[in-house]
1. Go through the range 116-162 and give me each residue that's among the polar types (S, T, N, Q) and modelled with pLDDT of 85 or more.
2. How about the range 42-97: which of its residues are surrounded by fewer than 19 Cβ atoms within 10 Å (Cβ to Cβ) and in contact with a Pro (Cβ under 6 Å, 6 or more places away or on another chain)?
3. In the range 375-396, what residues are out of contact with any His (no Cβ under 7 Å at 6 or more places or on another chain) and assigned to a strand (DSSP E or B)?
4. Restricting to helices (runs of 4 or more DSSP H) lying wholly in the range 281-372: which have 2 or more residues that are open to solvent by 40 Å² or more (accessible area, probe 1.4 Å) and modelled with pLDDT of 80 or more?
5. Under 7 Å between Cβ atoms, which residue pairs at least 6 apart in sequence (or on different chains) link something in the range 321-348 that is within 12 Å of Val373 (Cβ to Cβ) with a partner that is open to solvent by 60 Å² or more (accessible area, probe 1.4 Å) and assigned to a loop (DSSP other than H, G, I, E, B)?
6. What single numbered condition from (1) at pLDDT below 70; (2) in contact with a Phe, Trp or Tyr (Cβ under 9 Å, 6 or more places away or on another chain) fails to hold for Arg243?
7. Of the residues that sit in the range 414-449 and are at pLDDT below 80 and not in a loop (DSSP other than H, G, I, E, B), which one is farthest from Arg238 (Cα to Cα)?
8. Quick check: anything in the range 163-181 open to solvent by 40 Å² or more (accessible area, probe 1.4 Å), touching a Pro at 6+ places or on another chain (Cβ under 7 Å) and modelled with pLDDT under 80?
Amino acid sequence: MTRGTVGERWVRGSRAVVRALCEDLLTVDPERLPGVRAPRWLDWRPALLVPLVLIAAMLVVVGAEEYGSDYGLGSGLGVLFACVQAAALVAGLYFPVPAWWAATLVMAMAAQPLADGAVDPHPWAPGALLPHAGVPYPWTSGGLGVQAGLLFLLALRVRLRAAAMALVITVLAGIVLMLDAVGSGYSLGSVLLAVPVLVGATVLGAALRGRQVARTELSVQEELTAEERARRTLLEERHRIARELHDVVAHHMSVISIQAQVARHLVADPPDALRENLAGIRQSAVEALTELRRVLGVLRSEEAATEGGRHAPQPTLAQLDELLAGVRGAGVTVTAHTTGERRPLPPGVELSAFRIVQEALSNTMRHAPGAEVRVETGYHPAALTIRVTNTPPARPAAPSPGAGHGLLGMRERTAMLGGDLATGPTPDGGYEVTAVLPTHRTHPCEDSA
């Protein structure tokens, strides 16, 4: 039972190796392999073609001489094999797997085993002799450079498993060819000298590819983290806005409930229909107020504020002077200017205007230390304008960890009221925030009427 299980494991393992070999080393385009990312340096391939073609041309000259004279293949086959290897090196930029196979096949064809060094019928050049002692075998000097270069290019493009398989096949092919030539006075010394070159080229390529993959994954993770941080910031700001508006709406609902309860006492003898309507209004207001407080309680439960801070009244433009005084107390020079006649505004507009000024001041203190700030408030018939500008910073700002709520919160509040927000640098190097908040919006029911 155990032997059968071990045997089955060996069979499955062998099949997996063969399947992986076919999947990784019998493909034309390595970028189509699953899990393989193309490194960024591939964008520079057109620029690399020129120097690589020059190197290939020199390899043709050297390889033709080595194959023709040292390997005794003649000028015709020598030039052919040298051209194939040089072309494989250039093609390795785009198709490293087929190029590596071509170079390995040329090496095997040129170094066909000759039994004893005598004149034997060579499959490609009848009468060729085994290379004499001192000649690199089974790789020529140029052939070894091509083989190492192709292993480097292949390791840059494919996963480590495929690169390791290619290295093993290359080294085993050289050892097999050399073993057949050992009887003719050759030893494995030349192969042993070539192995470190081939291994080094493969390891270098795999290391560079691993570094690029790690950088790519890190970049992707940073983008995902930034998106998640922005999404979380947006949700937090929306919660904050919803909480504040719930406070405002809850106040109005409480007023409606009280007025509905008091209204029936203002009439000497109110009819039953009026009593029922007022009771219905009060009951609806109480139920709505209960639901609002329940939702508000959920929103507030996620905060770590104190009990008194949670239920503090929401600020309005009446507290703007207090806000500016606090900023001045922090050492910031702030000037304020108001145009138009001050008047009570809808609570949502008051709250949003206060928060926009508050966020703009916070951003200035954070990103423009030492700058002077000017806050302008304009009351218009149908809108309120808020403009906060600051001069260039007097000193470099400290790095800010993560994304804040500033501009995002301003845009959310302005969009909620149907207003416009403009932000950006000023010509003198400072920064400007301008918000236009409508103060009168037609109710949909009024539009339909």
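1. Of everything in the range 116-162, just one residue is among the polar types (S, T, N, Q) and modelled with pLDDT of 85 or more, namely Gln147.
2. Asp70
3. Within the range 375-396, Val375, Thr377, Gly378, Tyr379, Ala383, Leu384, Thr385, Ile386, Arg387, Val388, Thr389, Asn390 meet the criteria.
4. 320-329, 347-367
5. Every condition considered, the pairs that remain are Thr333/Glu372.
6. Among (1) at pLDDT below 70; (2) in contact with a Phe, Trp or Tyr (Cβ under 9 Å, 6 or more places away or on another chain), the lone unmet condition for Arg243 is (2).
7. Ser448
8. yes
The values are calculated or read from the model by the stated rules, or taken from the named source; none is laboratory data. Predicted model only: the values in this text are computed from it and were never measured. Note that we place each Cβ from the backbone using ideal geometry, even for glycine, and neighbour counts take in every protein chain shown. With ligands, DNA and RNA removed, areas are computed over all heavy atoms of the protein, side chains included. Shrake-Rupley method; radii C 1.70, N 1.55, O 1.52, S 1.80 Å.
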